[in-house]
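What follows is calculated from the coordinates using simple rules that are stated; it is not laboratory data. As the structure is a computational prediction, the values presented were derived from the model and not from experiment. A quick note on method: Cβ atoms are made from the backbone with ideal geometry, for glycine too, and the neighbour counts reach across all protein chains shown.
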Amino acid sequence: MTAKKFNAKDFFINNGIIVVLILLAVFTAIRQPTFASVDNLKNVALNVAPRFIIACGVSGILITKGTDLSAGRMVGLSACLAGTLLQKPGYSGKFFPNLPDFGIWWVFVVLLICVAVCAVFGFLNGLIVSYLQVPAFIGTLGMQLIVYGVCLVYTDATPIGGYRSAYTEIAKGRLFGFIPYLFLIALAVGILIWFIYNKTTHGKYMYAIGGNEQAAEVSGVNTKKTKIIIYVTGAALYALGGFLVGAKSGGTSVNMGQGWELEAIAACTIGGVSVNGGIGRVPGVLIGVLVFEILKTCLQYLGVDTNYQYIAQGFVIIVAIALDIRKYIAKK
């Protein structure tokens, strides 16, 4: 059996974004030595953690040839829910003035509330896509507006702050004084999702649906049930991500998470998760999120105007999808 020859041209085309961003990071480190400092690398890692969790939720949906445009708004809804329920008892602008202090366990109860609420929207997404046969792009776009509207009605578009230390400690705290809790939570989520994708029947069904949904159904896979589980799982991860982002930010508003679903899709695609379904691995998702976060950090350190940063991020999203489609066509 002859080994497949290495094709440098295909390698650099297929991994062009990663190569360019590595070069950009090296250039930035030369221009701004503080970019490669330990403190900045820690900040990048802390920013990556919640986004990786959110991207894991999106990845399963992409693998089944779907998409979820409501992800960012669920992140915002979760952050707002957590914020309104975890403010300090004596805070002057408290959303629920008469809400008592239930102690540290209330933080975990609120997390469960956030996950449950977002899971309902994920369940609805699954029903709309699997049973009503609405294209995922359209169905989740509609859900994006619904979730945003619910969040507006709930908060009355009021900025939320004044969090309890037990909540913010989740983002700021460190195990043994040096391992951030955020990192540990993201690591646990990554290991769990990797296990589900690679070692469970649900994971096999997920890849089978992405490869050929009709063939999977003929083989006895309950495609509708599997899709619903995937959308609910995704929503639960968005809720966890939003909960953590709220704790890290120390405040939130209805605009929290806006556009994050596009970042997550781009990060997944950069990391090898195909929008054409059936392909994707958790380590690749992590690499994609890390690359996308390094891009934003490089642009900030180079003093690029925020408006131009959006242009650069949009360009990366387009190129990532285009390269993914190119690889898909080449395999046909």
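At a glance:
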| read-out | value |
| --- | --- |
| Theoretical ellipticity at 222 nm over the chain - DSSP helices of four or more residues, -39500 (n - 2.57) apiece, nearest 500 | -24000 deg cm²/dmol |
| Residue among 212, 255, 98 with the largest mean-square fluctuation in a Gaussian network model of the chain, springs linking Cα atoms under 10 Å | 98 |
| Total lysine pairs under 27 Å (Cα atoms) in the stretch 38-258, excluding pairs fewer than 8 apart on one chain | 18 |
| At 1.002 mPa s and 20 °C, Stokes D of the stretch 187-332 from Kirkwood alpha-carbon radius, µm² per second | 125 |
| Karplus-derived HN-Hα couplings along the stretch 194-208 (A = 6.51, B = -1.76, C = 1.60, θ = phi - 60°), whole Hz, x at Gly and Pro | 4, 4, 4, 5, 9, 10, 10, 5, 4, x, 4, 4, 4, 5, 5 |
| The stretch 38-258: relative contact order as a whole-number percent, Cα under 8 Å and 6+ apart | 44 |
| For the stretch 38-258, the spread of Cα positions along each principal axis, largest first, Å | 60, 40, 30 |
| Choice from 274, 249, 78 showing the highest fluctuation, given a GNM over the chain with Cα pairs closer than 10 Å | 249 |
| Of 257, 220, 203, the one that fluctuates the most in a GNM where the chain has Cα springs shorter than 10 Å | 220 |
| Placed amide H near residue 174: partners under 5 Å, 5+ positions off or other chain | 181 |
| With 5 Å bins from 0: P(r) over the stretch 109-237, alpha-carbon pairs, percent | 2, 9, 13, 17, 16, 15, 12, 9, 5, 2, 0 |
| Amide H within-cut-off set for residue 279, under 5 Å, with H built and near neighbours excluded | 274 |
| Alpha-carbon radius of gyration plus Dmax, which is the widest Cα pair, for the stretch 45-153 in Å | 16.1, 49 |
| Stokes-Einstein diffusion coefficient of the stretch 40-85, Kirkwood radius over Cα pairs, 10 °C, 1.306 mPa s, in µm²/s | 132 |
| Computed FRET value (nearest 0.05) for residue 41 with residue 99, which takes r as the C-beta separation and R₀ as 30 Å | 0.20 |
| Radius of gyration and maximum dimension Dmax of the stretch 96-149, Cα, Å | 15.7, 45 |
